[in-house]
Amino acid sequence: MAFVRCRRDPCGVICLILTYFSVFYADYVVIQYVLIPAYSDSVWCTVHGSVFNLILLLLLACHAKAVCSDPGMVPLPETAMDFSDLRSQSSRMNERGCEGWTVCNRCETYRPPRAHHCKVCQRCIRRMDHHCPWINNCVGELNQKYFIQFLFYTGMASLYSLVLVVSAWLWRIHSEREGAEKEGEETPSKHLIVGHYIILLAESVLFGVFVMVIFYDQLVSIITDETPIEQLRNRLMITGQGSSSSSSSSSSSPQPPPPPHTRKPKMALLKEVFGRGSVFCWLLPLHSSPPSVGGITYSALPDYDV
Ligand SMILES: [Zn+2]
Ligand SMILES: [Zn+2]
């Protein structure tokens, strides 16, 4: 149901269409206006065509997995829950070893630590990073790997098409200089080719820079074990503490700092997202064993007293 709601997000649907259109347009221009005219007489036409299409295939596969995968939606309770006795419930949950579980008023359910409510999906998502319109889905614990792979292959495709277009354009200028006097190429097709080159260059630079920035942010958030939502919340808490302590420094006792996440090695944090396989497997949109974050697996749902 939430998936259907997610699919109905107009911004997400437009971004999905734009993604597919951009990918197929780049493939069309690279084959039709870059490889065939510039490399038709050599084996490089086949090599570049195969490698570029392999990257696009992996890009689309990762994108499809990121779009269709469950990002880690917290299941809704089958029956309505009574939150009137919330404090005693929470203390009982902590006794059972479920510390950090909170209540979502919108979903009307308990959610595990680091889960947040997404207004677009209208559900709580485990270790929610953000809602991404480009995949029309949330980026959460279970699909972050596919999202990062999608960013990686988009960056690679952008860089590859950039290099191919620039080299083909230079080749065209060079060959035109050599045979300028002999035969003048018909101007409409020349303008059309240059037009396609400019559009693809702009597309490659825009998407390339965009995805590289997000890719970097994603890696930093994994290595620091802090999602953007948690970074913002912690920053707000720190500034809030600073202002409150400066206003009433003597009367009230200082608020305790937010509990830091367990300090794990960077490789362990990366493996939680990309799986325990080899680094080569990290590049493929394959299902990996579910991580057990902070010792609390999802099977450790508290048995609700309803
Ligand atoms: Zn919720
Ligand atoms: Zn969402």
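Every number here is computed from the coordinates shown, using simple stated rules; none is lab data. These figures come from a predicted structure and were not determined experimentally. A quick note on method: Cβ atoms are made from the backbone with ideal geometry, for glycine too, and the neighbour counts reach across all protein chains shown.
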*At 7 Å along the Cα-to-beta-carbon direction for both Ala202 and Lys266, put a label point, then send me their distance in nm to one decimal.*
3.8 nm
*Report, by chain and number, residues whose modeled amide H sits under 5 Å from the one on Arg123, excluding near sequence neighbours (fewer than 5 apart, same chain).*
Cys118
*Order by neighbour count: Val103, Val220, fewest other Cβ atoms within 10 Å first, most last.*
Val220, Val103
*What residues have an amide H closer than 5 Å to that of Asp225, excluding those fewer than 5 places away on the same chain, when H is modeled at 1.01 Å from N in the peptide plane?*
none
*asked:* Spelling out what I want: for every residue of the stretch 137-151, take phi, set θ = phi - 60°, compute 6.51 cos²θ - 1.76 cosθ + 1.60 (Karplus), and round to whole Hz; glycine and proline get x.
replied: 7, 7, 9, x, 4, 8, 10, 5, 4, 5, 5, 5, 4, 4, 4
*Name the long-range amide H neighbours of Val139: under 5 Å, sequence gap of 5 or more, or other chain; modelled H, no Pro or chain starts.*
Asp129, His130, His131, Cys132
*Taking a temperature of 37 °C and a viscosity of 0.692 mPa s, what whole-number D in µm²/s does Stokes-Einstein yield for the stretch 104-181 with Rh from Kirkwood over alpha carbon pairs?*
205 µm²/s
*Once phi is turned into θ = phi - 60°, what whole-Hz ³J(HN,Hα) does the Karplus curve with 6.51, -1.76 and 1.60 give for every residue of the stretch 234-241, x standing for Gly and Pro?*
5, 5, 5, 5, 5, 5, x, 5
*Which ³J(HN,Hα) values in Hz, rounded to whole numbers, follow from the phi angles of the stretch 14-28 under the Karplus curve 6.51 cos²θ - 1.76 cosθ + 1.60, where θ = phi - 60° and Gly and Pro get x?*
4, 5, 4, 4, 5, 4, 5, 4, 4, 5, 6, 5, 4, 5, 4
*List Arg177, Arg172 from most exposed to least, where exposure is judged by having the fewest other Cβ atoms within 10 Å.*
Arg177, Arg172
*Using label points projected 7 Å from each Cα along Cα→Cβ, tell me how many nm separate Cys68 and Val103, to one decimal.*
3.9 nm
*asked:* How much length would be gained if the chain were fully extended between Trp171 and Ser42, taking 0.36 nm per residue of separation minus their Cα-Cα distance, in nm to one decimal?
replied: 45.0 nm
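Rank these for me by crowding, Met73, Met128, going from fewest to most other beta carbons within 10 Å.
Met73, Met128
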*Inter-site label distance for Ile14 and Leu159 at 7 Å from Cα along Cβ, in nm*: 3.1 nm
